[in-house]
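The values are calculated or read from the model by the stated rules, or taken from the named source; none is laboratory data. Please read these numbers as outputs of a predicted model, since none were measured by experiment. Reconstructed Cβ throughout: ideal geometry from the backbone, glycine too, with neighbour counts over all protein chains shown. Keep in mind that these areas ignore ligands, DNA and RNA; they rest on the heavy atoms of the full protein, side chains included. Shrake-Rupley method; radii C 1.70, N 1.55, O 1.52, S 1.80 Å.
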Amino acid sequence: MKDEVTSTEERRENLKGMGCARKRVEDVRFTQGKGNYVDDIKMDGMLFGDFVRSPYAHARVTSINKEAALAIPGVVAVLTAEDLAPLGLHWMPTLAGDKQMVLADGKVLFQGQEVAFVVANDRYAASDGVEAVEVDYEDLPVVTDPFKALEPDAPVLREDLEGQTEGAHGPRKHHNHIFTWEQGDEAATEQVMSTADVVAEEMVYYHRTHPNPLETCGCVASMDKVTGKLTLYGTFQAPHAIRTIVSLISSIPEHKIRVVSPDIGGGFGNKVGAYSGYVCSVVASIVTGKPVKWVEDKMDNLMSTAFARDYWMKGKIAATKEGKITGLHCHVIGDHGGFDACADPTKFPAGFFNICTGSYDIPTAYLSVDGVYTNKAPGGVAYRCSFRVTEAAYFIERMIEVLAIKLDMDSAELRRINFIKKEQFPYQSALGWEYDSGDYHTAWDKALEAVDYKALRAEQAQRIEDFKAGKTRKLMGVGLSFFTEIVGAGPVKNCDILGLGMFDSCEIRIHPTGSAIARLGTISQGQGHATAFAQIIASEIGIPADDITLEEGDTDTAPYGLGTYGSRSMPVAGAATAMASRKIKAKAQMIAAYLLEVHDDDVEFDVDRFAVKGNPERFKTMKEIAFAAYNQAIPGVEPGLEAVSYYDPPNMTYPFGAYICVMELDVDTGEHEIRKFYALDDCGTRVNPMIIEGQVHGGATEGYAIAMGQEIAYDEMGNHKTATLMDFFVPTAMETPTYQTDFTVTPSPHHPIGAKGVGESPNVGSVPAFSNAVHDAFRAFGLVQSHMPHDHWRVWRIADELGLHG
Amino acid sequence: MSKMHVKFTLNGEEVEGLAEPRTLLIHFLRENLRITGPHIGCETSHCGACTVDMDGKSVKSCTVFVAQANGADVTTIEGLTNPDGTLSVIQEMFREHHGLQCGYCTPGMITRVHRLLQEHPSPTEEDVRFGIAGNLCRCTGYQNIVKAVLAAADQLNAQKEAAE
Ligand code: FES
Ligand code: FES
């Protein structure tokens with residue numbers, strides 16, 4: 001089968017390997033409605049569970065009467081904390097080292113909290129049952145403001161923790177205090193602040209929002225009484241971690257649990273944590289002996305499963321008169337809601353917020369974060385973010401703008417003179433990270449040139465003149481953002497979740513006829529893993545991507561891994577994929593050498609084959625090698641061709657980018673128009689440019705929503721004000737801007753293929769770009785800081801407060 | 001609750017069954033008929049994941065009682081693939097232009113686009129954006145969906161011309 005007419009280039013193209021905009025294999029199913037999402041699962045005799053939820057934000061539960069509910073036709077069971085207590089399952093551990101009520105145990109701490117679980121024959125009967133459960137509440141004083149929660153006489157929220165002065169992350173200073181986390185050198189930073197030419201100070205609030213994937217969270221639990229095996233299908237971003245946690249809290253041995261993540265309709269961090277619905281479904285399946293499905297509705301989702309952000313960030317930034325930054329000080333009050341259920345690596349209770357020195361060479365810095373309980377939903381998850389990186393990037397990119405105002409400088413220039421220089425990498429940051437690689441100046445220059453920055457500033461100056469002369473009522477803002485991400489958690493030496501090391505894995509089996517199957521410890525939620533990871537294998541081993549099946553999400557078959565979030569799939573599982581491929585390639589080389597009757601060192605890899613060095617006519621294709629691996633007795637070589645790699649990354653990866661937004665704002669209506677949005681990303685080696693571009697479009701649209709209108713809001717009574725898509729802003733195709741994407745390539749030096757990951761960059765980078773555009777439009781009129789989201793009303797109010805309404 | 005008899009045409013075939021009067025069309029399709037292409041995103045008429053085509057109009061099937069579909073002609077994503085099982089032009093263009101990621105909005109989106117391109121055979125970008133505004137997508141930022149729809153319109157028009 002030696003096809004001499006095929007050129008090297010053609011052979012390479014035929015692989016559809018790395019760098020090619022390969023069309024997605026997933027789409028053949030998805031475009032036909034043949035996806036298999038959790039709510040599509042139907043099993044014989046399957047029951048449906050639904051929650052009775054608290055209407056109060058803070059109340060004692062004085063009684064629960066199930067009788068009326070149980071009398072409803074179709075209702076099979078009603079579970080309360082009392083039923084779960086004998087199993088020790090009325091509380092569950094959170095990923096943040098706290099514990100959380102599965103069902104209200106004597107009191108509720110937020111509106112929408114799970115109080116009872118009704119199990120019925122179908123979802124209609126379950127809803128009827130939910131309506132009929134009678135719960136008596138005695139309301140308690142509510143606190144939704146984290147600053148008020150820390151006042152001495154604030155109501156005690158977590159009575160279960162009363163008297164506990166030590167939390168999972170050190171001392172607790174107050175009954176509503178969770179932890180203090182400090183990084184950097186406080187004394188040195190104070191010293192810099194007190195002697196600096198210029199210090200700018202500002203409170204930057206990143207409001208509470210929600211990942212809100214289109215598909216909500218859900219599961220189907222099925223306990224097979226005969227085999228004693230529990231199968232749990234669910235919307236899990238980390239199926240293996242879920243299996244281990246379920247085993248630990250239920251004491252079902254881990255080999256008797258199979259967790260399966262089927263297709264997932266978007267995750268964005270919402271589907272990392274463990275929720276009451278999972279525990280209750282498992283218990284209900286054990287109790288009833290039938291499969292039990294729980295799928296939350298959109299209201300449940302927005303009210304109870306995993307909010308994001310809610311960080312009050314007080315910053316001080318010091319600089320010389322010329323604009324060289326000398327120090328950064330930051331104190332954060334993090335509102336965690338009723339339970340600390342954020343999903344951060346254990347040693348990082350505020351995630352990787354200490355990336356908040358951003359892309360700048362800041363010699364001295366100090367950061368402290370205080371986590372606080374309030375009567376709001378638990379969460380604090382990484383909404384398309386690598387653990388509080390979005391908050392950190394927003395903070396520093398706002399502080400740069402605030403400093404530019406104070407210095408009366410152009411903020412593009414201020415950024416340029418403070419960037420970490422190319423030759424400074426690997427760069428040790430003042431708050432403890434080692435940035436792997438970067439070339440910020442090149443990216444920045446490219447971005448500024450692409451948008452013709454000078455011309456934009458000239459146009460803006462003219463616009464201000466015209467506005468002052470009464471010729472227009474529209475202002476123009478140029479929003480700049482330069483971000484550095486920290487993704488790919490992470491090295492097991494400092495990254496674990498509940499003690500589970502954050503490595504990841506890939507197993508590859510080459511079949512005798514030269515096609516292959518690969519399985520990973522991650523799980524796609526729209527990122528196109530089945531397409532992109534096959535491309536890595538294709539390039540590494542020389543088997544066409546189209547001949548490689550890729551599977552994830554079934555813990556019975558996939559190797560152990562910590563799942564997909566924090567942009568970790570490409571940096572960690574992508575590396576494992578390359579490493580497993582290389583093991584196979586090494587064995588293939590031995591086999592090829594045997595077949596060609598030369599020494600191992602005398603053959604070399606050539607796209608899809610091994611050829612004798614200096615004699616490319618003599619070769620064995622990977623197909624031939626695979627067949628021989630299984631069917632030929634080769635002395636000293638085991639039959640078969642497969643490999644597995646568990647990859648513990650030596651460091652995080654640090655993707656970066658430059659985003660610029662040009663916005664028009666109507667001073668009288670507060671409405672905005674995004675005239676241009678330019679996004680340059682450097683995610684190192686680019687595996688599939690089409691998928692990268694898609695990730696940027698999607699992430700930037702989430703950023704647009706967050707910056708310009710999306711929020712989870714509560715009133716003072718703790719009533720959730722944004723629990724439907726009517727109130728919670730999700731942009732339609734009408735509002736969504738058009739994006740111009742661009743890139744530079746600075747490979748990661750420690751990643752086998754140099755890839756850094758891109759999924760979260762656009763969310764991290766775009767929020768400051770949008771927000772800075774709004775601020776920039778009003779800079780000439782004295783605006784320094786105004787909190788997001790910049791919806792029409794809030795923008796109108798900025799204009800009003802600045803006296804622009806005459 | 002007593003059940004009523006419903007009967008309608010689904011993807012060209014007669015279907016019938018018993019349902020409580022309060023049963024929503026989306027639930028009847030998904031649970032009773034196992035037509036799981038149309039998805040549930042919100043059940044409050046906001047997201048469009050449940051979009052089906054009913055008597056020549058796009059409807060959100062979470063906002064229609066199955067009783068209202070009695071006698072109607074309903075098409076879901078399952079009915080939009082070519083008869084020979086290959087992807088339709090619209091489906092193919094979504095794939096070609098990366099108009100989907102997680103795929104959750106996709107069946108509703110494509111079903112909507114199928115109708116939109118009959119309402120507007122040669123739409124402008126503005127028409128497309130307006131025409132799909134009832135369908136939310138959390139993954140794509142719509143840019144590639146718009147591209148896919150415009151490309152599909154071109155191809156369908158070219159096919160029509162060739163046939164004439
Ligand atoms: S599920 Fe029908 S519109 Fe969202
Ligand atoms: S592709 Fe995920 S919601 Fe549209």
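In the stretch A:362-491, the convex hull through the Cα atoms has an average projected area of 11.9 nm², a quarter of its surface area. With the cut-off at under 13 Å, measuring from each backbone N in the stretch B:80-115 to a point 7 Å along the Cα-to-Cβ line of B:Gln159 picks out B:80-94, B:114-115.
Using a probe radius of 1.4 angstrom, the carbon and sulfur fraction of the accessible surface of chain B is 51%. Here the 3J(HN,Hα) profile of the stretch A:578-584, calculated from phi with Karplus coefficients 6.51, -1.76 and 1.60 at θ = phi - 60°, is 5, 5, 5, 4, 5, 5, 5 Hz, Gly and Pro shown as x. Considering the zone a paramagnetic label at A:Ser194 would reach in this model (a point 7 Å from Cα along the Cα-to-Cβ line), which residues of the stretch A:295-338 have amide N under 19 Å from it? Counting backbone N atoms under 19 Å from the label point, the list is A:316-320, A:326-331.
Within 10 Å of the Cβ of each residue in A:727-739, the mean number of Cβ atoms contributed by other protein chains is 6. Counting only other chain Cβ atoms within 10 Å of each residue's Cβ, the peptide A:33-44 averages 5. With all protein chains in place and ligands, DNA and RNA left out, the 1.4 Å accessible area ranks B:Met4, A:Met502 as B:Met4, A:Met502, largest first. Enter the buried accessible area of the B/A pair, total of both sides, probe 1.4 Å, in Å² rounded to the nearest 100. The buried area between B and A, both sides summed, comes to about 4600 Å². Considering helices alone, the calculated mean residue ellipticity of chain A at 222 nm is -8500 deg cm²/dmol, with DSSP H runs of length four and up weighted by -39500 (n - 2.57) and normalised per residue. Here A:Ile625 sits with roughly 0 square angstrom of accessible surface, probe radius 1.4 Å. Here the stretch B:88-164 is treated as a Stokes sphere of Kirkwood radius computed over C-alpha pairs; at 10 °C and 1.306 mPa s its diffusion coefficient rounds to 130 µm²/s.
Among A:121-128, A:582-589, A:98-105, how do they line up from the highest to the lowest mean number of other beta-carbon atoms within 10 Å?
Numbers: A:121-128: 19.5, A:582-589: 17.9, A:98-105: 23.0.
So the peptides A:121-128, A:582-589, A:98-105, ranked by packing, come out A:98-105, A:121-128, A:582-589.
Rounded to whole numbers, the Karplus 3J(HN,Hα) couplings from phi for the stretch A:46-63 are 5, 9, 10, x, 8, 9, 7, 10, 6, x, 9, 8, 8, 7, 8, 9, 8, 7 Hz, using 6.51 cos²θ - 1.76 cosθ + 1.60 with θ = phi - 60°, and x at Gly and Pro.
Taken one residue at a time, the phi angles of the stretch A:399-409 give Karplus couplings (6.51, -1.76, 1.60, θ = phi - 60°) of 4, 4, 5, 5, 5, 4, 5, 4, 7, 6, 10 Hz. Gly and Pro are set to x. The Cα center of the stretch A:404-428 and the Cα center of the stretch A:304-355 differ in position by 21 Å.
Just the number please: accessible area per residue for the protein assembly as shown, 1.4 Å probe, all protein chains included, in Å². Walk me through the numbers on the way to the answer.
Working: 33100 Å² over 970 residues.
Heavy-atom SASA per residue in the protein assembly as shown reads 34 Å².
When the C-alpha to C-alpha distance is required to be over 28 Å, the pairs from B:Lys7/B:Lys60; A:Lys34/A:Lys66; B:Lys7/B:Lys147; A:Lys42/A:Lys721; A:Lys271/A:Lys347 that qualify are A:Lys34/A:Lys66; B:Lys7/B:Lys147; A:Lys42/A:Lys721.
Between A:Arg388 and A:Phe352, the built amide H atoms are under 5 Å apart, and every one of these is 5 or more places off in sequence or on another chain. Residues of the stretch B:110-155 that become at least 30 Å² less accessible with every protein chain present than in their own chain isolated, using 1.4 Å: which are they? Buried-area filter returns B:Arg129, B:Ala133, B:Leu136, B:Arg138, B:Cys139, B:Gly141, B:Tyr142, B:Gln143, B:Asn144. Annotation: amide H-H contacts under 5 Å for B:Leu10 (H modelled 1.01 Å from N, sequence separation of 5 or more, or interchain): B:Val15, B:Val74. Under the rule a/c < 1.5 gives rounded, and otherwise a/b versus b/c splits prolate from oblate, where does chain A land using the Cα gyration tensor? Oblate, because a/c is 1.5 or more while a/b does not exceed b/c. Among the residues of B:85-97, the average count of other protein chain beta-carbon atoms within 10 Å of the residue beta-carbon is 3.
Could you work out how far the C-alpha centroid of the stretch B:85-164 sits from that of the stretch A:1-58, in angstrom? If we compute the Cα centre of each part, the gap is 20 Å.
Name the shape class, rounded, prolate or oblate, that the alpha-carbon gyration tensor gives for the stretch A:596-644, where a ≥ b ≥ c are the square roots of its eigenvalues, rounded holds for a/c under 1.5, and otherwise prolate holds if a/b is larger than b/c and oblate otherwise. Verdict is prolate for the stretch A:596-644.
Using the Kyte-Doolittle scale, find the helices of chain B whose mean hydropathy is at least -1.0 and whose Cα atoms extend 27 Å or more along the helix's long axis, counting only whole DSSP H runs. Both cut-offs are met by B:143-163. The radius of gyration of the Cα set in the stretch A:461-504, together with its Dmax, comes out at 24.2, 64 angstrom. Using r as the Cβ-Cβ distance of A:Gln785 and B:Ser122, and R0 as 41 Å, what FRET efficiency do you calculate, to the nearest 0.05? Calculated value: 0.30. With contacts taken as Cα pairs under 8 Å at a separation of at least 6 residues, the stretch A:333-395 carries a relative contact order of 55 percent.
Specify whether the C-alpha gyration tensor of the stretch B:103-145 places it in the rounded, prolate or oblate class, a ≥ b ≥ c being the square roots of the eigenvalues: rounded for a/c under 1.5, otherwise prolate if a/b is larger than b/c and oblate if not.
Oblate shape, in that a/c is at least 1.5 and b/c is the bigger or equal ratio.
A cut-off of 5 Å between modelled amide H atoms, ignoring neighbours fewer than 5 places along the same chain, links A:Ala755 with A:Thr685, A:Ser748. Between the stretch A:612-626 and the stretch A:227-277, the alpha-carbon centres lie 45 Å apart. Burial of accessible area (probe 1.4 Å, heavy atoms of protein chains only) in the stretch B:36-79, relative to its chain alone, reaches at least 20 Å² for B:Thr36, B:His39, B:Ile40, B:Gly41, B:Cys42, B:Glu43, B:His46, B:Ile77, B:Glu78. Ordered from largest to smallest accessible area (heavy atoms of protein chains, 1.4 Å probe), the residues A:Glu801, B:Glu16 come out as A:Glu801, B:Glu16.
Label-to-label distance for A:Phe147 and A:Ala713 is 1.9 nm, based on points extended 7 Å past Cα in the beta-carbon direction.
Expected output is a single nm value to one decimal: the length gained when fully extending between A:Glu423 and A:Asp606, i.e. 0.36 nm times separation in residues minus the C-alpha distance. What is it?
In short, 62.5 nm is gained.
The convex hull defined by the C-alpha atoms of the stretch B:4-78 has an orientation-averaged projected area of 4.2 nm². For B:Val74, what charge total do you get from the other residues with a beta carbon under 12 Å from its beta carbon, if Lys and Arg give +1 and Asp and Glu give -1? Net charge in that neighbourhood comes out at -4.
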